[in-house]
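What follows is a short report on a single structure.
The values are calculated or read from the model by the stated rules, or taken from the named source; none is laboratory data. It should be emphasised that the depicted structure is a prediction, and the values quoted were computed from it without experimental measurement. FYI the Cβ positions are ideal-geometry reconstructions off the backbone, even for glycines, and counts take in every protein chain you see. Remember, those area values only see protein heavy atoms, side chains included, never the ligands or the DNA or RNA. Shrake-Rupley method; radii C 1.70, N 1.55, O 1.52, S 1.80 Å.
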Amino acid sequence: MPTTMQGKGETWLEANECAARIGLSKRALRLYEEHGLIRPRRTQKGWRLYGADEIARLHEILALKRLGLSLQRITALLQGKAVDLAGILGIQHDLLADQRKRAEQGLALVRAAQAKLAAGTSLTADELIRLAKEANMTETTTDTVAWKRYEQARPRAEIKLDPRRFERCTGFYKHPAGLIMAVTLEDDRFFLQLTGQPKVELFAESDSNFFLKVVPAQLTFAPGEDGGIDTLVLHQGGHDTVATRIDEAEAKRWGNELGERVRNRIPDPRSEATLREVLEQQQRGSIPLALLSEELAELVREQQPIVSAELESKGELQSLGFRRVGEDGVDIYEAQFAGGALQCGIGFGQDGRVHTLWMRPA
């Protein structure tokens with residue numbers, strides 16, 4: 001009998017054809033079924049049939065395997081959850097685009113080095129360092145961030161939580177970027193507000209896990225040795241960031257200090273020199289990793305080809321003019337180049353590294 005069947009407008013594939021067309025073995029299909037990841041339909045004779053839902057789930061599994069996840073990790077991530085094809089396609093697109101950009105960057109470096117050597121010119125120490133870094137780069141960090149973004153973007157299931165069980169989570173937490181995260185309970189509803197940002201509602205997944213609907217982000221409240229909540233973990237953008245609890249007096253003191261900086265336009269004494277170095281390095285096509293937080297460094301890597309091209313088109317940096325301090329504590333400058341201007345923001349974290357960096361047309 002044919003291995004492809006039609007039913008109610010949908011095409012169904014028998015295991016042999018499904019495996020052959022995707023490039024899998026029948027054993028792999030059975031293995032995914034044993035782990036509860038796919039549940040093919042059965043004919044009256046017991047033959048397995050694979051339709052659009054099963055094939056979409058297979059696409060999820062294979063995409064996550066490409067990110068380097070083990071089958072056990074994939075099972076924990078997907079088992080019992082609906083297929084999220086849009087989410088996995090977004091992550092797969094980002095991963096492939098990032099790999100293409102990095103391959104193009106590596107090829108450009110190699111070709112430039114080959115051209116210099118062919119012309120009888122020696123490579124400088126800086127060029128050799130860049131080649132060595134390129135040779136040493138792996139996809140581990142990018143892949144790990146990618147699968148975390150995927151997990152964070154999955155639909156979440158809200159539960160009803162007794163507000164009294166949330167009370168221990170309320171209070172103030174200090175983010176490594178220097179921001180204060182205020183967690184409040186208002187008329188049986190839960191809220192989060194970061195410095196300089198609007199208040200957003202939190203929705204419970206469990207007693208200690210919550211999620212936002214306005215952005216793909218989640219919060220986990222972690223207890224200390226005494227059983228009280230002493231840390232908040234923000235899961236967003238493929239990273240897990242730990243914020244520590246502070247008392248109301250410290251939060252108020254920090255808010256007053258920021259308010260004074262904003263009112264009196266007092267920049268961080270490090271901001272101008274650091275911003276200048278960041279812009280000049282990016283313009284040369286390099287990344288000042290030592291100056292950036294881990295999360296920011298990953299974002300800068302992803303955007304480097306676009307940012308470098310934009311800065312190169314602007315020409316030489318002529319001046320940096322301080323404009324103001326934003327409500328979130330970020331120092332805002334106008335960077336004047338030979339070929340135009342950009343508005344830039346820079347902010348430091350508790351570790352002294354840059355945690356916030358952005359630029360846009362002036």
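Relative to the 2.2 N^0.38 Å rule of thumb, the stretch 237-362 has a C-alpha radius of gyration ratio of 1.12.
Scaling against 2.2 N^0.38 Å puts the C-alpha radius of gyration of the chain at 1.23.
For the stretch 219-260, pairs of C-alpha atoms spaced more than 18 angstrom apart make up 46 percent of the total.
For the pair the stretch 226-280 and the stretch 284-362, the centres of their Cα atoms are 18 angstrom apart. Given +1 at the Cβ of Lys and Arg, -1 at the Cβ of Asp and Glu and no other charges, the dipole of the stretch 153-221 around its Cα centre is 200 debye to the nearest 20. Viscosity 0.890 mPa s, temperature 25 °C: give me the Stokes-Einstein translational D for the stretch 254-312 in µm²/s, with Rh taken as the Kirkwood radius over C-alpha pairs. This corresponds to a translational diffusion coefficient of 188 µm²/s.
In order along the stretch 346-362, phi translates into HN-Hα couplings of 9, x, 10, x, 5, 8, x, 8, 6, 10, 10, 8, 8, 8, 7, x, 5 Hz, rounded to whole numbers, per the Karplus curve 6.51 cos²θ - 1.76 cosθ + 1.60 with θ = phi - 60° and x for Gly and Pro.
Per residue, how much accessible area does the chain show when a 1.4 Å probe rolls over the protein heavy atoms, in square angstrom?
55 Å²
Dividing the mean sequence gap of close Cα pairs (under 8 Å, 6+ apart) by how many residues the stretch 294-362 holds gives a relative contact order of 24 percent. Ordered from largest to smallest accessible area (heavy atoms of protein chains, 1.4 Å probe), the residues TRP12, TRP358 come out as TRP358, TRP12.
Please state the relative contact order of the stretch 174-293 as a whole percent: Cα pairs under 8 Å, 6+ residues apart?
Numbers: 139 pairs, mean separation 15.5, N = 120.
Taking the mean separation of contacting Cα pairs over the length of the stretch 174-293, I get 13 percent.
Please compute the contact order of the chain in relative form: average sequence separation of alpha-carbon pairs under 8 Å and at least six residues apart, divided by the residue count, as a percent. Result for the chain is 10 percent. Rounded to the nearest 500, the helix-only mean residue ellipticity at 222 nm of the chain stands at -14000 deg cm²/dmol, with each DSSP H run of n ≥ 4 adding -39,500 (n - 2.57). Taking the inverse of the mean reciprocal distance over all distinct Cα pairs, the Kirkwood hydrodynamic radius of the stretch 26-87 comes to 12.1 Å. A cut-off under 11 angstrom between Cβ atoms defines the neighbours of LYS213, and their net charge, with Lys, Arg +1 and Asp, Glu -1, is -1.
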